[in-house]
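Input: a single structure, listed below in structure tokens.
Just so it is clear, none of the values below were taken in a lab; they were calculated from the coordinates. What you see is a predicted model, and the numbers here were worked out from it, not measured in a lab. FYI the Cβ positions are ideal-geometry reconstructions off the backbone, even for glycines, and counts take in every protein chain you see.
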Amino acid sequence: MKEELNLSKQEIIDRLFHEDKNISNIFNSASDLNELREKLFDYLNNSERNLFNIYIHKYSDKTHILERNNTKECIRILKNIIRTENEELSKFSALNILFKIHNKDEKSINEVEIGFLLEFLFLIRGMNGKFHLTGTPVLSSNQITAEVRCKILDDYSKQMLNHFKNFKNGTNRDCIKNQKTVKNKILTYFSATEEDWKDYKWHLKNIIRDYKTLSELVKLEEDEIQGIKEAEKNRIPFQITPYYLTLFNENGRDKHDRLVRAQVIPSKKYCVNVTLNKTHNTDMDFMGEKSTSPIPGITRRYPNIVILKPFDSCPQICVYCQRNWEIKDLQDAGTSSDKMENAINWIKKNKYITEVLVTGGDPLTLDNKYIGSLLEKINDIKHVERIRIGTRVLVTLPFRIDNELIKILRRINKLGKKEICIMTHIEDASEITPDVLDAVKKIKKAGLNIYNQQVFTYFNSFKYQTCFLRKNLKLSGIDPYYSFNTKGKEETVDFRVPIARIEQERKEEARLLPGIVRTDESVFNVPKLGKSHLRSWQDHEVIMILKDGSRIYRFYPWESMLLLIEDYLYTDVPIYAYLKRLENDGEDIEKYASIWFYF
Ligand code: SF4
């Protein structure tokens, strides 16, 4: 696969039209687009029919059933792409462009990107059963003795463990040493004491939100400096807690802290895009929350659950936050008691609501008096069985989990009657530090469960990185719950990963872990309608490939068998661009070769 990625456009075009003799003949003989479409449909339909026909020698004798199944999928996707309905939906015809490229139309050749051509090269290979690009061995059932099987399983484990060596968790000796150094620097800088450090209010008072302070505490890279300066110029809030800054490598970015830094330092591209959105009054509410909010402070997308938002800021701001349009600088944020009173009354009146997710912003930015009284009010609603607190303080400000808060949580949590639990958001194992473990211990002692929602971004999408996170979460008493596809917002394009990569990670990496560890579900959050499980093939399909190689997905909502409701079109990031970025970051992209065959 590495070879194909480095071919010239013309070389790929040559391969593309010589990959399948029958397809080449169809392109050679078609006089116009309609004829081409008809002939291709006939050919693909026949191929599909013959695939499982025991009297057809080509497939029944030679091709493994697993390959035939993959072939069937590639045929399905190719048929999707040449369907006129999908051309109308996506306002683009990949077939038309391919037809023109085949006829040597220079303009079309110039217009398409390599990623577009590679998608079709691999699709055609796929429909010819050529999936195992790295030469996967074929075993028949009589070859699989217990010993052979053990050897295969050992190899899987070995592969995973070898990859784990690329990552560190926050209790690693080097990480602790770095944390200590940066912490001491911060204490000196702010003339603070050990006691201050353990006080979460001290951290809130000393949030780092300017270039000067940040650059005096850790070494910044040139692109980071540009991003921060652009954020300051355009008044885009960014915030880093002194605690979280200790996860930065003091002497500059390396492969272990690039994820940590990218989460909180807005890039120049992000700032430019946000500023453009603001200038053009573009609605950044990608999830359509405004239209799923029956009254201010409440969002509802599911039968039993509502989201309650008492606060619109967080101790630190994640650049890729889906609510970046409403997350304010901590200094500008506020609570409205009227809004919360009304919201709680609304929940009280709706007996179908059994679960309240208190989120925001980060509700644990609020003090114990406020949050305690709010939780008690929700607790008093008889039909509410579960309260979930969506918070990132475990990672951004673990000292916030103080004894008073634990007392409040313990009071509400009643086994068999009412559950209160913590939904946190840990992106990488390096964020699980001794301070985080101390906070987890307190929460677990109070009898609460902790669940993790990871956003699957470019920065944690490296081979086995999320497996390493799952393993460390579970060992730390936290259950992996969701892996979210990063929202398809223009300003956060640097974080986005092709859906195919999430599917590949689930199938080829997560599947190797014990079931008790891979408890998360990978999901795509469909605006207004809620989560679509990416493992559920009925809920989405590829319908088009655009000139730049990005796939258009058509999502069907989770309730598609319960209600006839609108679908949703989503344009993904190109696989080729993703692989090239990995390659530039030193990854062996051969390990990702099967990504083209996830749809
Ligand atoms: S902690 Fe959550 S709500 Fe706050 S900025 Fe990060 S993702 Fe957004």
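The tail of the calculated P(r) for segment 409-449, taken as Cα-Cα distances beyond 12 Å, holds 63 percent of the pairs. Taking other C-beta atoms within 10 Å as the exposure proxy, Arg68, Arg501 rank Arg68, Arg501 from fewest upward. P(r) for segment 523-599, from all Cα pairs and a bin width of 5 Å, is 3, 14, 22, 19, 16, 13, 7, 4, 2, 0 %, short bins first.
Between Asn234 and Ile54, the distance separating the two model label sites (each 7 Å from Cα on the Cα→Cβ line) works out to 6.4 nm.
Taking the inverse of the mean 1/r over every pair of distinct Cα atoms in segment 423-484 gives a Kirkwood hydrodynamic radius of 11.8 Å. Here the extension length gained between Asn46 and Ser373 equals 111.0 nm, from 0.36 nm per residue of separation less the Cα-Cα distance. Across segment 443-548, Cα-Cα distances exceeding 21 Å account for 39% of all pairs. When the Cα positions of Ile502, Asn452, His540 are compared along the charge dipole of segment 444-578, Asn452 comes out farthest toward the positive end, with charges on each C-beta of Lys, Arg, Asp and Glu.
Which entries of Lys268/Lys328; Lys72/Lys158; Lys309/Lys445; Lys39/Lys547; Lys168/Lys487; Lys418/Lys441 have Cα-Cα distances beyond 25 Å here?
Checking Cα-Cα distances, Lys72/Lys158; Lys309/Lys445; Lys168/Lys487 exceed 25 Å.
Listed peptides 141-153, 548-560 appear in the order 548-560, 141-153 once ranked by packing, highest mean of other Cβ atoms within 10 Å at the front. Value of Rg to Rh for segment 190-294, rounded to two decimals, is 1.05; Kirkwood radius and Rg both from alpha-carbon coordinates. How much mean residue ellipticity at 222 nm does the chain get from its helices, if each DSSP H run of length 4 or more adds -39500 (n - 2.57) and you divide by all residues, to the nearest 500 deg cm²/dmol? Taking each H run of at least 4 residues, the total per residue is -13000 deg cm²/dmol. Multiplying the residue separation of Ser31 and Lys72 by 0.36 nm and removing their Cα-Cα distance gives an extension gain of 12.0 nm.
Of the peptides 355-365, 176-186, 521-531, the order by per-residue mean of other Cβ atoms within 10 Å, starting with the highest, comes out as 355-365, 521-531, 176-186.
In segment 208-266, if every C-alpha pair distance is counted and binned at 10 Å from zero, what percent goes to each bin? Distribution as computed: 23, 64, 13 percent. Phi-derived couplings, Karplus 6.51 cos²θ - 1.76 cosθ + 1.60 at θ = phi - 60°, listed residue by residue for segment 343-350: 5, 5, 4, 4, 5, 4, 7, 9 Hz, with x used for Gly and Pro. Diagonalising the gyration tensor over the Cα atoms of segment 312-356 and scaling each eigenvalue by 5 before taking the square root yields semi-axes of 27, 14, 7 Å, largest first. Tell me, rounded to the nearest percent, the portion of alpha carbon pairs in segment 26-89 spaced more than 17 Å apart. The proportion of pairs with Cα distances above 17 Å equals 49 percent.
Counting only Cβ charges, +1 for Lys and Arg and -1 for Asp and Glu, the dipole size of segment 447-594 around its Cα centre is about 280 debye.
Against the empirical curve 2.2 N^0.38 Å, the C-alpha radius of gyration of segment 359-401 lands at a ratio of 1.23. Mean projected area of the Cα convex hull of segment 5-133, taken over all directions, amounts to 8.1 nm².
For segment 416-486, what is the relative contact order in percent, using Cα pairs closer than 8 Å and at least 6 residues apart in sequence?
Once divided by the residue count of segment 416-486, the mean separation gives 40 percent.
Translational D (Stokes-Einstein, µm²/s) of segment 319-440 at 10 °C and 1.306 mPa s when Rh comes from the Kirkwood sum over C-alpha pairs? Reported coefficient: 101 µm²/s. Summarised in one figure, the compactness ratio Rg/Rh of segment 368-515, Cα atoms and Kirkwood Rh, is 1.02.
Based on the Stokes-Einstein relation at 10 °C and a viscosity of 1.306 mPa s, and on the Kirkwood radius from alpha carbon pairs, the chain is assigned a translational diffusion coefficient of 60 µm²/s.
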